[in-house]
1. Starting from the 7 Å offset along Cα-to-Cβ, what nm value, one decimal, do you get for the label separation of LEU47 and ALA144?
2. Where the centroid of each part is defined by its Cα atoms, how far is the stretch 193-233 from the stretch 99-177 in Å?
3. What is the packing order of peptides 209-216, 113-120, taking the mean over residues of other C-beta atoms within 10 Å and listing the highest first?
4. Pop the C-beta distance of ALA238 and ALA35 into the FRET formula with R0 = 41 Å and round what comes out to the nearest 0.05.
5. Would you please classify the overall shape of the stretch 73-121 from the alpha carbon gyration tensor, given that a ≥ b ≥ c denote the square roots of the eigenvalues, rounded means a/c under 1.5, and beyond that prolate means a/b larger than b/c while oblate covers the rest?
6. For the stretch 192-252, report the accessible area per residue in Å² (1.4 Å probe, heavy atoms, rounded to an integer).
7. Would you kindly state how much longer the chain becomes between ALA105 and ASP83 on full extension, computed as 0.36 nm times their sequence separation minus their alpha carbon distance, in nm to one decimal?
8. Quick check: from the Cα gyration tensor, does the stretch 1-49 come out rounded (a/c under 1.5), prolate or oblate?
Amino acid sequence: MSTAPVTIRDVAKAAQVSVATVSRVFNRPDLVTAALRARVQDAADRLGYLADGAARALASRRSRAIGAIVPTLDNPVFAACIDALQQRLDEHGFALLIASAGYDAARETREVRVLLERGVDGLMLVGADHPAAVWALIERRRPAVPVVVTWSGAAGRGTVSCIGFDNRAAARRLVEHLLQLGHRRIAMIAGPTTGNDRAMARVAGVREALGAAGIALAPPYLTERPYTVPDGHAAALALLSLPEPPTAIVCGNDHLALGALAGVRSLGLSVPHDVSVCGFDDLDFAAYADPPLTTVRVPAAEMGRRAADCLAAAAGRTEPPATALLEAPVMLRGSTGPPPGHRATARAPVAAVTRPPRRRGRLRRAGGDPTEGPSAPR
């Protein structure tokens with residue numbers, strides 16, 4: 001015995017609203033109040049009604065879906081961005097389709113193609129450095145499909161919106177802090193720079209700060225490793241086995257830094273008394289590492305929220321929010337101090353450093369980690 005399919009008219013009758021209202025709930029939820037959306041959705045759920053998304057997209061030429069491609073979902077900093085992106089998109093009435101490129105150019109190109117073929121109404125990318133084939137695919141669909149670049153200080157592609165932060169400046173500030181403490185033998189464990197403008201910018205920032213002090217950054221004091229804890233551990237052991245080992249190690253992310261901390265300790269050395277270690281990201285564990293990790297706080301969630309606002313506005317054919325350059329403050333904690341034998345006049349690092357400084361205040365983080373300085377974006 002066949003059962004007649006539930007129609008939009010059935011939902012309208014059950015919810016005691018017009019067919020047009022039901023249509024708006026499923027096609028333009030941003031035009032309907034939350035209470036009315038809940039009322040119509042409840043009626044649809046009770047009746048077992050599912051909107052025909054393919055037909056709706058064909059008729060309206062809009063899928064109400066946004067695509068996002070990240071290098072990996074293995075790193076909590078990207079997960080935080082995606083979580084914030086999805087929550088804000090949901091408020092705008094959009095679904096999220098996610099793909100992970102795995103730092104692989106060919107895979108990223110395939111994922112972009114698939115998302116565009118699925119008819120996404122917008123696309124979020126991480127960084128401005130992408131294969132030429134990716135930009136070619138995007139150009140074929142623009143301006144119908146808006147694109148937002150995140151994690152980078154500049155989009156680098158015409159009118160593509162950019163919501164990110166200055167990786168180079170943040171890394172430079174990190175090294176300036178080490179120089180002020182008295183360090184001169186400073187090494188860097190960078191992430192892979194090929195096809196990764198964020199990693200390249202961080203290396204450039206470290207090199208710029210050292211160059212201003214008359215210090216060169218070159219192998220063996222510069223090494224590239226995958227963003228993993230074991231790679232940070234192995235790289236630190238190699239650096240500390242040099243005839244003139246570094247007194248400070250700057251890491252391309254917090255996973256590398258956590259491995260470096262372990263590597264220093266495995267040699268019977270102390271952080272920061274023998275070696276200072278810095279990270280980049282300010283993941284949750286950074287404030288609870290042993291010792292607490294000096295690192296750069298990446299505004300991952302804020303980038304996700306702003307990217308959602310920008311893409312929803314552009315997809316709705318309204319003026320999107322302006323391109324934004326967010327703050328990425330340096331969080332100074334116990335993993336950095338003066339080099340061995342150096343008498344420092346500065347007090348112990350307990351400040352969150354930003355440039356330019358705006359307002360000062362006193363905060364106390366979870367776990368009792370005091371910080372002082374401008375409140376950082378989250």
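The values are calculated or read from the model by the stated rules, or taken from the named source; none is laboratory data. Please read these numbers as outputs of a predicted model, since none were measured by experiment. Here Cβ is always computed from backbone atoms with ideal geometry, including for glycine, and neighbour counts include all displayed protein chains. The protein model used for the area step is the full one, side chains on, heavy atoms only, and it has no ligands, DNA or RNA in it. Shrake-Rupley method; radii C 1.70, N 1.55, O 1.52, S 1.80 Å.
1. My value for the distance between the label points is 3.2 nm.
2. 22 Å
3. Values: 209-216: 14.5, 113-120: 16.5.
So the order, starting with the most tightly packed, is 113-120, 209-216.
4. Efficiency, from the Cβ-Cβ distance: 0.10.
5. Oblate is the answer for the stretch 73-121, as a/c is 1.5 or above yet b/c matches or exceeds a/b.
6. So the stretch 192-252 comes to 42 Å² accessible per residue, rounded to a whole number.
7. Result for the pair: 5.5 nm of gain on full extension.
8. Details: a/c = 2.32, a/b = 2.05, b/c = 1.13.
Verdict is prolate for the stretch 1-49.
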